[in-house]
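Right, one structure below, let's go through it.
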Ligand SMILES: Cc1cc2nc3c(=O)[nH]c(=O)nc-3n(C[C@H](O)[C@H](O)[C@H](O)COP(=O)(O)O)c2cc1C
């Protein structure tokens, strides 16, 4: 059972998640959509991964869905979104605004494993913008400052990714093509 993992990431957490899922699932091709393309036709299942910025999924993932929609609708599809919110309604909006409704309506698995802000890899401007954003999210929830803008902030959950991989693998065993 061969799975395509096609993802787009800016600072690495969606990429890390793709690598982690590939390690669990085994027979996979992992494609960074910022660098390349892959036709999903030759795969038994497809996982789409994207990070979220300003409420939007990555453009490359949207373009991939448009380009291969007909083929994608014939496969078991899983989606994971790396982001920092845990609000269900907000996550639902990311999904519904970012992906064609035909895909959202027939998902085999979906997961938001958390996210990461790697301050140590950012330049000055990115660090400041991210620090303001993160402390702003925290303040809007009535919580205090959560980052000093220097230490990496990571909420990625391996357990959530493992559960997602199990759902994908289980579906493929039940529905061999
Ligand atoms: C400028 C900026 C905007 C962001 N906007 C959102 C957002 O709208 N909602 C959210 O839940 N997380 C948001 N995040 C958090 C990212 O989704 C999170 O850091 C994610 O893990 C990044 O993935 P990547 O490392 O693959 O790019 C934002 C982060 C930054 C730096």
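A few remarks follow.
- The label-point distance for residue 125 and residue 151, in a model that sets each label 7 Å from Cα toward Cβ, rounds to 2.8 nm.
- For segment 77-149, the extents of the C-alpha atoms along the principal axes are 41, 28, 18 Å, listed from largest to smallest.
- Semi-axes of the equivalent ellipsoid for segment 1-41, Cα gyration tensor, largest first, Å: 17, 14, 5
- The chain: angle of helix 124-140 to the longest principal axis, Cα-based, in degrees nearest 10: 90
- Acute angle (nearest 10 degrees) that the helix 88-98 long axis makes with the longest principal axis of the chain, alpha-carbon atoms: 60
- Gyration tensor verdict on segment 1-72 (Cα atoms; rounded if a/c is under 1.5, prolate if a/b is larger than b/c, oblate otherwise): oblate
- The shape of segment 43-127 can be summarised by an equivalent ellipsoid whose semi-axes, obtained from the alpha carbon gyration tensor, come to 25, 14, 12 Å from longest to shortest.
- Relative contact order for the chain, counting Cα pairs under 8 Å that sit 6 or more residues apart, in percent: 22
- Beta bridges per DSSP with both ends in the chain, % antiparallel, nearest 5: 15
- Relative to the globular-protein estimate of 2.2 N^0.38 Å, the Cα radius of gyration of the chain stands at 1.04.
- Of all DSSP beta bridges confined to segment 1-78, the antiparallel ones make up roughly 15%.
Read-outs: derived from the displayed coordinates by stated rules, not from any lab. If you're wondering where the values come from, they're calculated on a predicted model, not measured in any experiment. All Cβ positions, even for glycine, are placed from backbone atoms using ideal geometry, and neighbour counts span all protein chains on display.
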